Amino acid sequence: MKRRKKSVSYAKYGYIFSIPFVVVFLIFSLYPTIYTAVIGFTDLKGLGRTDINFLEDPFLNFKAIFKNPSFIKSLSNTAIIWLMNFIPQIVIALLLTAWFTNRRNKLKGQGAFKFLFYMPNIMTAATIAILFNSLFAYPKGPVNDLLMMLGISEKPIEFLREGWTARNIVSFIQFWMWYGHTMIILMAGVAGIDPTIFESAEIDGASGAQTFFHITLPNLRTIMLYVLVTSMLGGLQMFDIPKLFLNGGPDNATLTTSVFIYNQAFSGSYMYNRAAAASMIMFIIAVVLSGLLFYFMRDEDEVKLKKEKKRARKEQARRAKEGGSVV
Amino acid sequence: MKYNDDVGVRYGNNISRGSYVAKTLKYIVCILLAIISILPFWIMFMNATRGTYEIQQNAISLLPSTHLLSNMKVLHGKSFNPVRGFINSLIVSTGVTACTVYFSLLTAYALVVYDWRMRQPFFTFIMAVMLIPAQVSGIGFYQFMYKLNWTNSFLPLILPAIAAPAAVFFMRQYLLGALPLDIVDSARIDGAGEFHIFNRIVLPIAKPAMATQAIFSFVGSWNNLFTPLILLTKQDKYTMPIMVSLLRGDIYKTEYGSVYLGLSLTVLPLFIIYFVLSKYIIQGVALGSVKG
């Protein structure tokens, strides 16, 4: 009784300490999001304009965006580039996780490998985009030199002129920057699995592959779903690399949705309204993806919450009993 | 371990030879991946010290050359200004880090210690907005800042960091495990005010979590391209990632050595941070995910 009274008297500090977060969120996140949505229904375009005039046909911008072949292409590019980076990324990350967590056959130098695999992730993506642009230079560039030195190609290749090649390179950069990150997350997931399960598998004589497929993989399900959805959300935002590598080129082959939005709003004829409409489509995709993640993660949390409630109820009942006996 | 040896002995050489081959194969793959991680940066740093002529002759060199100073001169003679970019990025990233770390901890503290009616809904809300990308509100954000005349100011880059949902989430998980509520209670009995308790008692306890979040928000802000790119139009306000985009321009078309030097300069601070703090960074990545 005494405790409850006390916590009530301090409750106002919960509100007070949350004020900075809430105020800043409302001003710098929520308001701009609503503002963006509103702009999607106006005729706002041209540098320096800020006035709001609603269109007679409110969905004109959305219709125009869906008819815009560049936008459609940017959506499919984003999906293609993401897929081509994610599949090898998860395969390599799983493979490395299996190797590094294999209890029978320990690899040496794991710390150094982790250090190196994760390294590209921390470096400025803008710098990496331009670095790869220089590495794949034609006719004289490091990659061309390397391929000719190793005898793989006889004459220099013009990598950045062909759509699929350019897209593959963007996917590769994304893969290269992120597989180490994914590997660390998966390894943390393995570390979280009850070690006695592995021990009993070992005693039962399960091979490394058997242990991986029948114990490690099923137990990583939730974490892999987390990796999948967060990677999709990240892929949706892909901007720095495609923007600075080839600015969406050649022939829009590396144009992602984010680059499309940026180019609509901040170059050419400054079509803020069209860009805002495209942003809202992206927003909806992001909400759906986060919703999916919530759905995947829900089970565990709910179960935990239920358990906690049950325990609290028991505790209360026990306390009431004790209190009763004292009185 | 002992058990493994026994098995190897019992089943003869076959298994151990097979596992030996497998092990070698694993090492080869790991070493190849490690080379792919290093090589692009190695070429970048080496070419930063080589002249344009040398690079044209042979674009790959594993050893440095002597043209560092002349590359620097060429770089400095044009629009790319690494010192300016460095200072601007430092200001923004330091501000962002301070805001994120302090206010995220404060918000997390409110979620952990106080029993208020909106606590659970507020936490659910933070989880819900954690994954929504900032980019989707970029147009509205730009228009809003343009109206306020805040483009070309660092404030709209720094202030939003006060509301960092992912950092709040991380701090909350940490406080739940590391902050004994008895300490808070006994401080109250000693007559300490709530703000005083937060600043003097909770802050020191949360130092490890703050350090982890500080690294990630600093690096994240240092690498951020999108928001600065839409807000900053004056060259003396450019942060490093925008500065680096100048290297793609025509004025550097034939100055290969200086382009590599410019690129090297932008990531040099990150290399230093990574070499010193990699242990904490890798730990932080693992920690953030398991709980996320």
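The values are calculated or read from the model by the stated rules, or taken from the named source; none is laboratory data. Owing to the predicted nature of the structure, the values given are computational and were not obtained by experimental measurement. No Cβ is skipped: glycine too gets one built from the backbone with ideal geometry, and neighbour counts run over all protein chains shown.
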Checklist line | Cβ pairs under 6 Å, 6+ apart, first in the stretch B:204-219 and among the hydroxyl-bearing types (Ser, Thr, Tyr), second part of a helix (DSSP H, G or I) | finding: B:212/B:284; B:217/B:96; B:217/B:97; B:217/B:100
Notebook entry, point to check: Residues in the stretch B:81-96 that are in contact with a Leu (Cβ under 6 Å, 6 or more places away or on another chain), at pLDDT 95 or above and within 13 Å of chain A (Cβ to nearest Cβ): how many?
Noted result: 0
Next item on the list: Select from the stretch A:125-137 the residues that are out of contact with any Gly (no Cβ under 9 Å at 6 or more places or on another chain) and touching a residue at least 40 places away in the same chain (Cβ under 8 Å) and list them in ascending order.
Entry: A:125, A:126, A:128, A:129, A:132, A:133
Checklist line | Failed condition for residue A:47, given (1) more than 9 Å from chain B (Cβ to nearest Cβ); (2) in a helix (DSSP H, G or I); (3) in contact (Cβ under 8 Å) with a residue 60 or more places away in the chain | finding: (2)
Check: Does the stretch B:255-274 include one or more residues that are aromatic (Phe, Trp, Tyr) and under 16 Å from the mean Cα position of the chain (by Cα)?
Finding: yes
Note to self: Among (1) more than 14 Å from every other protein chain (Cβ to nearest Cβ); (2) farther than 23 Å from residue A:87 by Cα; (3) at pLDDT 90 or above, there is one condition residue A:246 misses while meeting the rest; what is its number?
What the structure shows: (1)
Check: Got a sec? Which of B:162, B:126, B:158 is under 17 Å from residue B:241 (Cβ atoms) and either at the interface with chain A (Cβ under 10 Å from one of its Cβ atoms) or β-branched (Val, Ile, Thr) (or both)?
Finding: B:158
Next item on the list: Report whether or not residue B:245 is among the polar types (S, T, N, Q), within 30 Å of residue A:137 (Cα to Cα) and at pLDDT below 90.
Entry: yes
Note to self: Just the residues that are more than 27 Å from residue B:131 (Cβ to Cβ), modelled with pLDDT of 90 or more and more than 10 Å from every other protein chain (Cβ to nearest Cβ), please, taken from the stretch A:6-44.
What the structure shows: A:42, A:43
Check: Just checking, how many residues over the stretch A:133-148 are more than 7 Å from chain B (Cβ to nearest Cβ), within 19 Å of residue B:32 (Cβ to Cβ) and surrounded by 20 or more Cβ atoms within 10 Å (Cβ to Cβ)?
Finding: 1
Check: Just checking, which of A:209, A:201, A:126 is exposed (fewer than 14 other Cβ atoms within 10 Å of the Cβ) and either in a helix (DSSP H, G or I) or more than 10 Å from chain B (Cβ to nearest Cβ) (or both)?
Finding: A:209
Next item on the list: State which residue pairs qualify: first residue not in a helix (DSSP H, G or I) and inside the stretch B:253-278, second residue not aromatic (Phe, Trp, Tyr) in any location, beta carbons under 8 Å apart, and separation of 6 or more residues or different chains.
Entry: B:254/B:52; B:255/B:52; B:255/B:71; B:255/B:74; B:255/B:75
Next item on the list: Evaluate the following for residue A:76: is it more than 9 Å from chain B (Cβ to nearest Cβ), loosely packed, with under 14 Cβ neighbours inside 10 Å and of a type in the set (Gly, Ala, Ser)?
Entry: yes
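For every residue, the table says whether it meets (1) under 22 Å from residue B:46 (Cα atoms); (2) surrounded by fewer than 23 Cβ atoms within 10 Å (Cβ to Cβ); (3) within 7 Å of chain A (Cβ to nearest Cβ).
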| position | (1), (2), (3) |
| --- | --- |
| B:232 | no, yes, no |
| B:241 | yes, no, yes |
| B:246 | yes, yes, no |
| B:257 | yes, no, no |
| B:267 | yes, no, yes |
Notebook entry, point to check: Which ranges mark the helices (runs of 4 or more DSSP H) fully within the stretch B:70-150 that have 2 or more residues being in the same structural domain as residue B:176 (by TED's automatic domain parsing) and either within 30 Å of residue B:255 (Cα to Cα) or in contact with a strand residue (DSSP E or B) (Cβ under 9 Å, 6 or more places away or on another chain) (or both)?
Noted result: B:82-113
Margin query: Test of understanding: among B:62, B:157, B:68, which residue is in contact (Cβ under 8 Å) with a residue 24 or more places away in the chain and more than 14 Å from residue A:25 (Cα to Cα)?
Written below: B:68
Next item on the list: Name every residue in the stretch B:192-246 that is within 20 Å of the chain's Cα centre (by Cα) and either among the hydroxyl-bearing types (Ser, Thr, Tyr) or farther than 25 Å from residue B:285 by Cβ (or both), in order of residue number.
Entry: B:212, B:217, B:221, B:227, B:229, B:238, B:239, B:242, B:243, B:245
Notebook entry, point to check: Would you say residue A:154 is surrounded by fewer than 16 Cβ atoms within 10 Å (Cβ to Cβ) and in contact (Cβ under 8 Å) with a residue 40 or more places away in the chain?
Noted result: no
Check: Could we say that residue B:284 is part of a helix (DSSP H, G or I), within 30 Å of residue A:140 (Cβ to Cβ) and touching a residue at least 12 places away in the same chain (Cβ under 8 Å) here?
Finding: no
Margin query: Quick check on the stretch B:97-123: of everything there that is free of Cβ contacts under 8 Å to residues at least 24 places away in the same chain and under 30 Å from residue B:223 (Cβ atoms), which residue is nearest to the other protein chains (Cβ to nearest Cβ)?
Written below: B:110
Margin query: Residues that are closer than 27 Å to residue B:129 by Cβ: list the helices (runs of 4 or more DSSP H) wholly contained in the stretch B:168-244 that include at least 3 such residues.
Written below: B:207-223, B:226-231
